[in-house]
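Notes to accompany the following structure.
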Amino acid sequence: MHKAHDEYGVHLGSLEDVVQLVRSDGTRVNNPGFDPWVDDVSTEQLIGLYEDMVVVRRIDTEATALQRQGEIGLWPPLLGQEAAQIGSARALRRDDFVFSSYRENGVAYCRGIDFTDLMRVWRGSAASGWNPYEVGMATPAVIIGAQTLHATGYALGCKHDGVDSATIAYFGDGATSQGDVNEALVFAASFSAPVVFFCQNNQWAISEPVGLQSQRHISDRAPGFGIPSMRIDGNDVLAVMAATRIALDRARSGGGPTFIEAVTYRMGPHTTSDDPTRYRPAGELDEWRAKDPIARIASLLDARGAFTEELRSRVDEKADAVASELRAACLSIPKPDPLTVFDHVFAEPHSGLERQKSQYAAYLASFGDNDADGTADSDADSDTDGSES
Amino acid sequence: MSQMTMAGALNDGLRRSLARDDKVVLMGEDIGKLGGVFRITDKLQAEFGPRRVIDTPLAEAGIIGTAVGLAIRGYRPVCEIQFDGFIYPGFDQIVAQVAKLHYRTRGNVRMPITIRVPFGGGIGAVEHHSESPEAYFAHTAGLRVVSCSNPQDAHTMIQQAIASDDPVLFFEPKRRYWQKGDVDTELGAEAAPLGQARVVQPGTDVTVVAYGPLVRTALDVAAAAADDGVAVEVIDLRSLSPVDFATVEASVRKTGRLVITHEAAQSGGMGAEIAASITERCFDWLEAAPARVTGFDTPYPPASLEEAFLPDLDRILDAVDRVLGRRNSLTGWKATA
């Protein structure tokens, strides 16, 4: 076994014991249990998956650049996790419901979320961007693992409603240490909820390696809760899609929850705020670069004679176009009116909050020639920004 | 009109809510076959089935977090937390998820979740079974916090809480569960709104504000003070978020004196909030600084010490004397008016 972190014993992030349908060099591996679930994926559809992955990587690069340029406050890169996100999200139906953490921007792309909505949170203009009901995806949870319980409850509701929709809960390796995730597994198993637990084991919870979180494979835990699990190569888009389809099929047919550990690698920092060179062993990144999910599917397409220069440049052009759309959408987000801070705290009127709002409105209105909406107030703020005088 | 215990009134209110709306589901530990440790959900599972009245695993974050998902799906979950001191494992889901999802989603997702909490002391229980954690939740934006003090309010308020599109922390004074009172079970729109305080005993000399278990005690204070020629006005706050300051303000402008009492510890409690807010609003009408009679800033003590800890008739009367400028435990005979 690969020993990258002696102080925690065995490093559990290696690609041993994983289900793989496409090797790192792009050759197809046969797996009788999984192959039937992706037999229908044509070369044309593989090209679609390749395109998705290139586009979300480009979105990621552009958003990181926007952060470095001071246009957004923070960004959690998904670099390296494209196959895990695209392969699972493209297995979902429109009426399925996604519960995610903050890193599933590739999943959000697949759900058709508008770029302006995607960037609102990171631009600091709103607590969340989109209406969950329009896209079938809840707003991302920042508190680690909280969303797994929401997914379980929603799934229970689907079951009680007698529909065959399922939910999928995305979380990372670090989240499996949280009580909420363990309680979600207990509740899902007890009530046979149609939920897929999709753990992207990207090897690092900020600076803490997966070996600190788990002394065995993460997928080993689920059977103890009475939930079957799969450990798959998360950089193999076909394996991810097959596993997710299996799990969704179980959920839809009354089989209850399934746990998927997608073994992948976060090639960038946890967010734009941290520096992985402080905690990541030398050489680890290079080792995983050789397993890059996009290069792999490109090799597979190449082996089938479908990866042409024309395809590469068409997809790159699309990715660039998406990136510039994303940038324009981000920069178009206006600073909200100060009084909107009071909006949507409650669904029904709340006398205490109404009093604060009316007092603040009166305060804003007291700036003589300025607008009561406070725009002049924010102008004043920017004028004095960074000045000591 | 019929006579009911508060426990019976809550049970009937829950039954009516379950019957009225099939999206209402009850969830909690032991609430099914057992009917809850206080029997508040007695026979409801037998009547509505295990999908409407759900016995859950023993995990408070699990109960609340699963309720969040059900609410996103369009259900109206009613969660029972078995005892006040057990709410803390579910605290994160309540304050970070239940309270904020409507705001976070800019009004697109509603959280019509009711969280029932038997709270407060006076029943000789062991540790973690007698606490008053209401201030944590009243401090959190996005939550409504209420407490009933009598069977009629228990009956109407639980139905209002469940019908509300906002999340409601519903604090039930467990030592009053067996107190009987008249209940008009058909009371509809004429019932006081959920956020409204009520003057339960009119008076002109001192305003005493209480909620939950101490409303009964405050009424005893009013009776005892009346024997002494002092007319105490008792206000049952009913709602801790929002606080109906208009009712308290009107009372204090009349009496000029304010005493607030609760079982929770004093520092940062509801009494501090009410004293500060009423001082801001009624400073020119106050004849004395508002006084608080509360639990101490200690953990809830062992059962044999709870009489010392809980505000009682005499401690509240002492505070009434204080705001009247009469002799009291703090000033002694020197301050006699």
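Read-outs: derived from the displayed coordinates by stated rules, not from any lab. Because the structure is predicted, anything quoted here is derived from the model rather than measured. A quick note on method: Cβ atoms are made from the backbone with ideal geometry, for glycine too, and the neighbour counts reach across all protein chains shown.
Could you give the angle, 0 to 90 degrees to the nearest 10, between helix B:6-20's Cα long axis and the longest principal axis of the Cα atoms of chain B? Computed tilt is about 40 degrees. The lysines within cross-link reach of residue B:43, meaning a Cα-to-Cα straight distance under 17 Å and a gap of 8 or more places when in the same chain, are B:33. In the elastic network of chain A, a GNM with C-alpha springs shorter than 10 Å, the most mobile of A:159, A:357, A:291 is A:357.
What is the dipole size for the stretch A:40-169, taken about its Cα centre, with +1 at each Lys and Arg Cβ and -1 at each Asp and Glu Cβ, in debye to the nearest 20?
In total the dipole reaches around 380 debye.
For the stretch A:216-286, trypsin sites (Lys or Arg not before Pro) are listed when DSSP marks them as loop and at most 10 other Cβ atoms sit within 10 Å of their Cβ; the list is A:216.
With contacts taken as Cα pairs under 8 Å at a separation of at least 6 residues, chain A carries a relative contact order of 23 percent. Applying a DSSP loop filter and a limit of 12 other Cβ atoms within 10 Å to the GluC sites (Glu not before Pro) in the stretch B:97-201 leaves B:127, B:186, B:190. Taking other residues whose beta carbon is less than 11 angstrom from the beta carbon of residue B:181, and scoring Lys, Arg as +1 and Asp, Glu as -1, yields 0. In terms of its alpha-carbon gyration tensor, the stretch B:74-170 comes out oblate; a/c meets the 1.5 threshold, while b/c is at least as large as a/b.
Of the residues B:208, B:223, B:196, the one whose Cα sits farthest towards the positive end of the charge dipole of the stretch B:196-248 is B:196 (charges of +1 on Lys and Arg Cβ, -1 on Asp and Glu Cβ, taken about the Cα centre).
Under the shape rule built on the C-alpha gyration tensor, where the axes satisfy a ≥ b ≥ c, the stretch A:93-190 is oblate, since a/c reaches at least 1.5 while a/b does not exceed b/c. Over chain B, Cα pairs under 8 Å with separation of 6+ residues give a relative contact order of 15 percent. Farthest towards the positive end of the charge dipole of the stretch A:64-179, among the residues A:127, A:148, A:65, is the Cα of A:65, using unit charges on the Cβ of Lys, Arg, Asp and Glu. With Cα atoms defining each centre, the stretch A:118-169 and the stretch B:189-248 are spaced 43 Å apart in the structure. Per-residue extension of 0.36 nm, minus the Cα-Cα distance of residue A:68 and residue A:320, leaves a gain of 88.9 nm for this segment.
Given a 10 angstrom Cα cut-off, can you work out which residue in B:264, B:46, B:222 is the most mobile in a GNM of chain B? Fluctuation is largest for B:46.
For chain A, give the magnitude of the charge dipole about the Cα centre (Cβ charges: +1 Lys/Arg, -1 Asp/Glu; no others), in debye to the nearest 20. Computed charge dipole of chain A: roughly 1240 debye.
Kindly work out what percent of the DSSP beta bridges joining two residues of chain B are antiparallel, to the nearest 5. Provide the component values of the computation, followed by the final result.
Working: 10 of 44 bridges.
Roughly 25 percent of the beta bridges in chain B run antiparallel, per DSSP.
Taking chain A as the region of interest, the number of lysine pairs whose Cα atoms are within less than 30 Å, with members eight or more places apart or on different chains, is 4. Placing unit charges on the Cβ atoms only, positive for Lys and Arg and negative for Asp and Glu, gives the stretch A:57-117 a dipole magnitude near 180 debye about its Cα centre. Between the Cα long axis of helix B:313-323 and the first principal axis of chain B there is an angle of about 50°, rounded to the nearest 10.
Distant-in-sequence amide contacts of residue B:53, defined by a placed amide H-H separation under 5 Å and a gap of 5 or more residues or a different chain, comprise B:26. Averaging Cα coordinates gives a centre for the stretch B:108-158 and one for the stretch B:253-331; these two points are 21 Å apart.
When the Cα atoms of chain B are aligned to their principal axes, the ranges along those axes come out at 65, 42, 40 Å in descending order.
What range in chain A is the longest one free of GluC sites (Glu not before Pro) that are in a loop by DSSP and have at most 13 other Cβ atoms within 10 angstrom? The segment A:17-387 is the longest one with no such site.
Across the stretch A:176-192, coupling constants 3J(HN,Hα) worked out from phi with the 6.51/-1.76/1.60 Karplus curve, θ = phi - 60°, read 5, 7, 6, x, 4, 5, 5, 5, 5, 5, 5, 5, 4, 5, 4, 9, 6 Hz, and Gly and Pro carry x. Relative to the longest principal axis of the Cα atoms of chain A, helix A:43-68 runs at roughly 40 degrees.
What would the Debye formula give as log10 I(q)/I(0) at q = 0.10, 0.22 Å⁻¹ for the alpha-carbon point model of the stretch A:159-249, no solvent? Ignoring solvent entirely, the Cα scatterers give -0.27, -1.23.
Considering Cα pairs under 8 angstrom that are at least six residues apart, work out the relative contact order of the stretch B:129-187 and quote it in whole percent.
On the way: 60 pairs, mean separation 22.8, N = 59.
Computed over the stretch B:129-187, the figure is 39 percent.
If the reach is capped at under 15 angstrom between alpha carbons, list the aspartates and glutamates near residue B:100, excluding any in the same chain fewer than eight residues apart. Partners within reach: A:343, A:348, B:92, B:165, B:166. The fraction of Cα-Cα pairs per 10 angstrom bin, counted from 0 for the protein assembly as shown, comes to 3, 13, 21, 21, 17, 13, 8, 3, 1, 0, 0 percent, rounded to whole percents. Between A:37, A:341, A:53, the Cα set farthest toward the positive side of the dipole of chain A (charges on each charged residue's Cβ, about the Cα centre) is that of A:37.
In the stretch B:251-337, which trypsin sites (Lys or Arg not before Pro) are in a loop and have at most 16 other Cβ atoms within 10 Å, using DSSP for the loop call?
On the way: sites: B:253, B:254, B:257, B:281, B:292, B:315, B:322, B:326, B:327, B:334; in loops: B:257, B:326, B:327.
Passing sites in the stretch B:251-337 are B:326, B:327.
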